[in-house]
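Shown next, in structure tokens, is the structure this report addresses.
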Amino acid sequence: MSDTSDNNAVHVEHLVKRYGDMLALDYFDLDVRRGEIFGLLGPNGSGKTTAINCILALLTYSEGSIRVFGEQLTPTSYELKRCIGIVPQNVAVFDELTVRENIDYFCSLYVQDRKRRAKLVDEAIDFVGLGEFRGFRPKKLSGGLLRRLNIACGIAHKPDLIFFDEPTVAVDPQSRNAILEGIQRLNAEGATVVYTSHYMEEVEQICDRVLIMDHGRHLALGTCEELKNMIELGERISVETLDLGEQGRSADRIVERIAALDVVIEAEYDGRELTVRCRRGEHNLLDILGILESENVTIGHLTSRPPTLNDVFLELTGTALRD
Amino acid sequence: MRNSILVYLKTSVRSKAGLFWLLAFPLILATLFNAMFSHLNETYQLDSLDVAVVNDDTWKQNPYLGTFIEGIGGLDADGGDNADSTDSKLIVAHTVATMAEAERLMGEHTVVAAVNATADGKLHLSVSGQAAAKANPATGTNSLQISLTVLRNLIARYNATDSTVRRIVATNPRALGDPGTLADLGAYGSYSDEITLTHFRPDATARFFYALFGMVSLMAMSFGITIIAGMQANLSALGLRQTVSPTPKWKQATAALLVSWLCTFASMLILMLYIRYVCGVGMGGREPMAVLGIAVAAFMSSALGLFIGALPKLGASAKTGLSVALACFCSLFAGLYGTFAMDLSDLIDREAPVLSVLNPAKQVTNLFYDLMYFDSYRPFFQTVGILAAFGFVFLAAAAFLLRRQRYDYL
């Protein structure tokens, strides 16, 4: 094993997992550095959760190796498991227990000492802001509060490595912000975080590095800026025009002229707004405005937007609908 | 593990559905049984009959008639009727002067029959049309039928004795001076004796209550199934969370077994106390042994629950459904669902005893049956042994399935 893999919180090499004939992980590689927030992105069915379950020693796999903090994690690696926390996608709490009882129980699976545990549980309750709900049963909590309870159950024992599997699904913006800030605080306190989500802006907001995967394969890895530089799209220019097809002008002909520019990937006009996707270039906007001026088109509103992680994601994984 | 036990206990006790099916439902069934069977017992009791006694001149000529009616409860010592008192009396006499008056009372349904003296000094019983219809074995109630039959037999016996005495007086009056002859006249010959075979008075309806224990013990498997299903990563997010924790699975499974046993034991114990002390169904006077039997039955049930809970490739709700189906199916052959089921249970006992042994509900039922009907404890401990063996087999099978550490699918 290399020194690099020992320094990583998680090191996955050539991981292969099959469900019958279906290949869920196809020689998948992953390195999560200690102390970072690592984003794992992929469409539904891309293999994100399968990869996490293999890392957590829940699933068998056909080939490859997995090391957590430099050690192989097996179902009986109890000491290593003490360092790991998981916040599953589905809320996993007992309906019959109160908020405090739930957090205390899941913490007790990691921490036996009652005094220490009581302190950790109180800290976890404060951390997720459930202080006034500690005596409530889960059914009395709103969706956002329930998600926060789910997080508290996963982090109360202060793990060094935490897996968050889409923790903000069906959560209002206020709760989402609170959750994201909490994850950043955990990271600031020293925890390594593996974060999966479908919300690109969240990943962009909190993750140090992002891995995009699809069909069980590693597609791209890097910081958000590095990923944006990997794609063809340079900027997206939107021009609101009210008279593109009037005064004897042909809207189709103008759109064709713009699309013919070397820097333009695609140009579309919906009767009100002209949208142009451009490659990286220094004079894209000037070239497009030049054509519009030469055609005497009145410009209402104009925006130029750099590529987002969402653009990266769609370009790498395609726009076809997934299950 | 202590915290796991406490939490599993809290989740089991706070589950409203669990409490209903495993605590309230058996008590409701026992209450229904009690209501049904207490009526059944009442139909075999003797009811006092309202009877008109025709105290006309013919009656007055024979003083023994009044003595006889007084003997079966109808008249006070002074010859007056005792319509106000019905304690342990076969008849409540309504004294009338004429047969016509007696017929009128029968027509008004004030009395069910009339007794009058015939010219030859015999007693004659007339039954009202309505009472005769009610006492019809096909449609009537048993208690009226039985009471009328007893009254008719007593009158027939009186008439037979009267004829015998009259014949002796006519043919050999000196014989009446012999005390032995007089004693023989009053004697009532019988060709059978009542003996007690069991140490406790049998109760025909008790078996239905005992079969209820069989069903409850199997229904209580759901305690174990719910806890174990919540521990498995392939069945729930809760299971996933518990599986990735550093608490070994065997500790969680042991906690599940203990809690399941405790809940099942409590559920059956409450049912036993209710059946014994509220419904009044006996346990052969061996209640402490019945508690021991419940403890063993709860162990078998919990182990079976663990085994079903650990079955792979079945969802938690499918497992609960399986346990309910198993409980209902096995209870059928333990005789829970009425006389037909009880006959079926007896038939299987006779014709295919192995099937009977393999039915855990039947074995739990047998625990109480053994205590009630056998002098020796041997059959009881035999049943305890069978249930314990079941328990250990199920436990071993559950441990084998739960030893699995990783899953192919989640």
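Report the far tail of the P(r) of the stretch B:211-337, meaning the percent of Cα-Cα pairs longer than 21 Å. List each step's numbers first, then the result.
Details: 3491 of 8001 pairs.
Everything past 21 Å amounts to 44 percent.
Taking the Cα centre of the stretch A:8-229 as the origin and placing charges on Cβ (Lys, Arg +1; Asp, Glu -1), which of A:136, A:12, A:23 is farthest toward the positive end of the dipole?
My answer, from the dipole projection, is A:136.
Once every Cα of the stretch B:326-374 carries one equal point scatterer and solvent is ignored, give the base-10 log of I(q)/I(0) from the Debye formula at q = 0.25 Å⁻¹, two decimals.
Taken in order of the listed q values, log10 I(q)/I(0) reads -0.93.
How large is the helix-only mean residue ellipticity at 222 nm for chain B, computed as the sum of -39500 (n - 2.57) over DSSP H runs with n ≥ 4, divided by its residue count, in deg cm²/dmol to the nearest 500? It would help to have the intermediate numbers written out before the result.
Values: 19 runs with 259 residues, N = 410.
Result for chain B, helices only: -20000 deg cm²/dmol.
Which ordering of B:209, B:380 is given by a fewest-first count of other beta-carbon atoms within 10 Å? Intermediate results must be reported in sequence, preceding the final value.
Numbers: B:209 26, B:380 23.
With the sparsest Cβ surroundings first, the list reads B:380, B:209.
Within 10 Å, count the other beta carbons around each residue, average over each peptide in B:227-234, A:210-217, A:72-79, and list them highest first. Could you put the intermediate results ahead of the total?
Numbers: B:227-234: 24.0, A:210-217: 21.9, A:72-79: 14.1.
With the highest mean Cβ count within 10 Å placed first, the list reads B:227-234, A:210-217, A:72-79.
Among the DSSP beta bridges whose two residues both lie in chain B, what percent are antiparallel, rounded to the nearest 5? List each step's numbers first, then the result.
Working: 6 of 15 bridges.
Expressed as a percentage, antiparallel bridges in chain B total about 40.
What are the ³J(HN,Hα) couplings of the stretch B:161-173, residue after residue, when phi is run through the Karplus curve with 6.51, -1.76, 1.60 and θ = phi - 60°? Round to Hz, x for glycine and proline.
5, 4, 5, 4, 4, 4, 5, 5, 4, 6, 9, 8, x
Taking chain B as the reference, fit the longest principal axis to its C-alpha atoms, fit the long axis of helix B:287-310 to the helix C-alpha atoms, and give the angle between the two in degrees, 0 to 90, nearest 10.
So the helix axis and the longest Cα principal axis differ by about 40 degrees.
Between residue B:25 and residue B:1, what is the FRET efficiency for a Förster distance of 30 Å, r being their Cβ-Cβ separation, to the nearest 0.05? If you can, show how the numbers build up before the last one.
Values: r = 31 Å, r/R0 = 1.03.
With R0 = 30 Å, the Cβ-Cβ based efficiency is 0.45.
Which value results when the Cα radius of gyration for the stretch A:116-196 is divided by 2.2 N^0.38 Å?
Numbers: Rg = 12.1 Å, N = 81, 2.2 N^0.38 = 11.7 Å.
Compared with the compact-globule rule of thumb, the stretch A:116-196 sits at 1.03.
How shielded is A:148-159 by partner chains, expressed as the average number of their Cβ atoms within 10 Å of its Cβ atoms? Intermediate results must be reported in sequence, preceding the final value.
Details: counts 0, 0, 2, 0, 0, 2, 2, 0, 0, 2, 0, 0.
Counting Cβ atoms of other protein chains within 10 Å of each residue's Cβ and averaging gives 1.
For a quick check: with amide H placed at 1.01 Å from N, whose amide H comes under 5 Å from residue A:213's, ignoring anything fewer than 5 positions away on the same chain?
A:41, A:42, A:219
With a 10 Å radius around each residue's Cβ, average the other Cβ atoms per peptide and rank B:161-169, A:81-89, highest first.
On the way: B:161-169: 13.6, A:81-89: 23.0.
Going from most to least packed, we get A:81-89, B:161-169.
Mind checking the mean number of beta-carbon atoms from other chains within 10 Å of the Cβ atoms in B:358-366?
Values: counts 0, 0, 0, 0, 0, 0, 0, 0, 0.
Partner-chain Cβ atoms within 10 Å, mean over residues of B:358-366: 0.
Output ³J(HN,Hα) for the stretch A:93-110: one whole-Hz value per residue in order, computed from phi by the Karplus curve 6.51 cos²θ - 1.76 cosθ + 1.60 with θ = phi - 60°, and x for Gly and Pro.
9, 8, 5, 7, 9, 6, 3, 5, 4, 4, 4, 4, 5, 5, 5, 5, 5, 10
How compact and how long is the stretch A:8-229, expressed as Rg and Dmax of its alpha-carbon atoms in Å?
Computed over the Cα atoms of the stretch A:8-229, radius of gyration and Dmax are 17.2, 51 Å.
Measure nothing but the geometry: give the 0 to 90° angle between the long axis through the Cα atoms of B:25-42 and the longest principal axis through the Cα atoms of chain B, rounded to 10°.
Its long axis makes an angle of about 10 degrees.
Sort B:362, A:119 so that the residue with the fewest other Cβ atoms within 10 Å of its own Cβ comes first and the one with the most comes last. Show your work: numbers first, answer last.
Numbers: B:362 24, A:119 12.
Ranked by crowding around the Cβ, least crowded first: A:119, B:362.
Other chains' Cβ within 10 Å of A:100-110 residues: what's the mean? The partial results should precede the final answer.
Working: counts 0, 4, 1, 0, 3, 8, 5, 2, 8, 11, 3.
Whole-number average of other-chain Cβ neighbours for A:100-110 is 4.
So what's the gap between the Cα centers of the stretch A:226-294 and the stretch A:24-41, to the nearest angstrom?
About 37 Å separates the Cα centre of the stretch A:226-294 from the one of the stretch A:24-41.
Expressed in whole Å with the largest first, what are the equivalent ellipsoid semi-axes of the stretch B:271-410 derived from the C-alpha gyration tensor as the square root of 5 times each eigenvalue?
Values: eigenvalues 184, 59, 44 Å².
Value: 30, 17, 15 Å, ordered largest first.
Can you pull the three principal axis extents for the Cα set of the protein assembly as shown, in Å, largest first?
152, 69, 49
As a test, work out the antiparallel percent of DSSP beta bridges whose residues both lie in the protein assembly as shown, rounded to the nearest 5.
Numbers: 43 of 70 bridges.
Antiparallel bridges make up about 60 percent of those DSSP assigns within the protein assembly as shown.
Explain nothing, just the number: relative contact order of chain A, from Cα pairs under 8 Å at least 6 residues apart, as a whole percent.
It rounds to 20 percent for chain A.
Using only the Cα atoms of chain B, what semi-axes does the equivalent ellipsoid have when each is the square root of 5 times a gyration tensor eigenvalue? Give whole Å, largest first.
Details: eigenvalues 873, 96, 52 Å².
In descending order the semi-axes read 66, 22, 16 Å.
What order, most packed first, do the peptides A:56-64, B:97-105 have when packing is the mean number of other Cβ atoms within 10 Å of each residue?
Order by mean packing, descending: A:56-64, B:97-105.
Could you give the length gained by full extension between residue A:256 and residue A:201, i.e. 0.36 nm per residue of separation minus their alpha carbon distance, to one decimal place? Don't skip to the end; give the middle numbers.
On the way: separation 55, 0.36 × 55 = 19.80 nm, distance 3.31 nm.
Gain on stretching residue A:256 to residue A:201: 16.5 nm.
Per the helix-only calculation at 222 nm, which mean residue ellipticity applies to chain A, given -39500 (n - 2.57) for every DSSP H run of n ≥ 4 and division by its residues, nearest 500 deg cm²/dmol?
Computed ellipticity for chain A at 222 nm equals -10000 deg cm²/dmol.
Once Rh for the stretch A:226-309 is found with the Kirkwood sum over Cα pairs, what is the Stokes-Einstein diffusion coefficient at 37 °C and 0.692 mPa s, in µm²/s? Before the final figure, lay out each step's value.
Values: Rh = 13.0 Å.
Estimated via Stokes-Einstein, D reaches 252 µm²/s.
Where does helix A:284-294 land angle-wise versus the long Cα axis of chain A, in degrees 0 to 90, nearest 10?
In chain A, helix A:284-294 runs at an angle near 30 degrees to the longest axis.
Starting from the Cα-Cα distance between residue B:292 and residue B:157, subtract it from 0.36 nm times their residue separation and give me the gain in nm to one decimal.
On the way: separation 135, 0.36 × 135 = 48.60 nm, distance 5.25 nm.
Length gained between residue B:292 and residue B:157: 43.3 nm.
Taking amide H positions as placed in the peptide plane 1.01 Å from N, state which residues far from residue B:50 in sequence (5 or more) or on other chains have amide H under 5 Å from it.
B:92, B:112
Amide H of residue A:172: which non-local residues (sequence gap of 5 or more, or other chain) have their own amide H closer than 5 Å, using H built in the peptide plane?
A:144
Using only alpha carbons, build the gyration tensor for the stretch A:195-261 and give me the equivalent ellipsoid semi-axes, biggest first, whole Å. The partial results should precede the final answer.
Working: eigenvalues 297, 40, 24 Å².
In descending order, the three semi-axes are 39, 14, 11 Å.
What ranking of B:222, A:238, A:294 emerges when the number of other C-beta atoms within 10 Å of each C-beta is taken as an exposure proxy, fewest first?
On the way: B:222 29, A:238 13, A:294 10.
Taking fewest neighbouring Cβ atoms as first place, the list is A:294, A:238, B:222.
Just so you know, all these numbers are worked out from the coordinates, no wet-lab data involved. None of the values given here were measured: they were computed from a predicted structure. When we count neighbours, we look across all protein chains shown, and the Cβ atoms used for this are built from the backbone with ideal geometry, even at glycine.
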